[in-house]
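Rule-based calculations on the coordinates, nothing more; no lab input. As the structure is a computational prediction, the values presented were derived from the model and not from experiment. Here the Cβ positions follow ideal geometry from the backbone for every residue, glycine too, while neighbour counts run over all protein chains shown.
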């Protein structure tokens, strides 16, 4: 028999009450009760997140990322443009 879950309170009285509730509950148990939200990011933050995603996709180490960013700064380019140039040189 499935375990019953506590109902999410309509309102919390404090931040601490919210923390206490979620410290003792998994969001996975409440997924069907969650609403989708649209988040608008600043262009600068969006660019930084896209770059981090690219680094993960290419499986770069922290040391490699530091080297790429230093090289890009030295060449007065952003890291994404530098990596694109490298790829285009070898295609």
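Would you check which residues across the stretch 29-73 are within 13 Å of the chain's Cα centre (by Cα) and under 30 Å from residue 5 (Cβ atoms) and list them?
39
How many residues, within the stretch 1-58, are assigned to a helix (DSSP H, G or I) and under 22 Å from residue 69 (Cα atoms)?
Summing the residues that are assigned to a helix (DSSP H, G or I) and under 22 Å from residue 69 (Cα atoms) in the stretch 1-58 gives 15.
With respect to the numbered conditions (1) surrounded by 11 or more Cβ atoms within 10 Å (Cβ to Cβ); (2) part of a loop (DSSP other than H, G, I, E, B); (3) more than 22 Å from the chain's Cα centre (by Cα), which one is the sole condition not fulfilled by residue 76?
Failed condition: (1).
Given 69, 33, which one is touching a helix residue (DSSP H, G or I) at 6+ places or on another chain (Cβ under 8 Å) and surrounded by 10 or more Cβ atoms within 10 Å (Cβ to Cβ)?
Exactly one of 69, 33 is touching a helix residue (DSSP H, G or I) at 6+ places or on another chain (Cβ under 8 Å) and surrounded by 10 or more Cβ atoms within 10 Å (Cβ to Cβ), namely 69.
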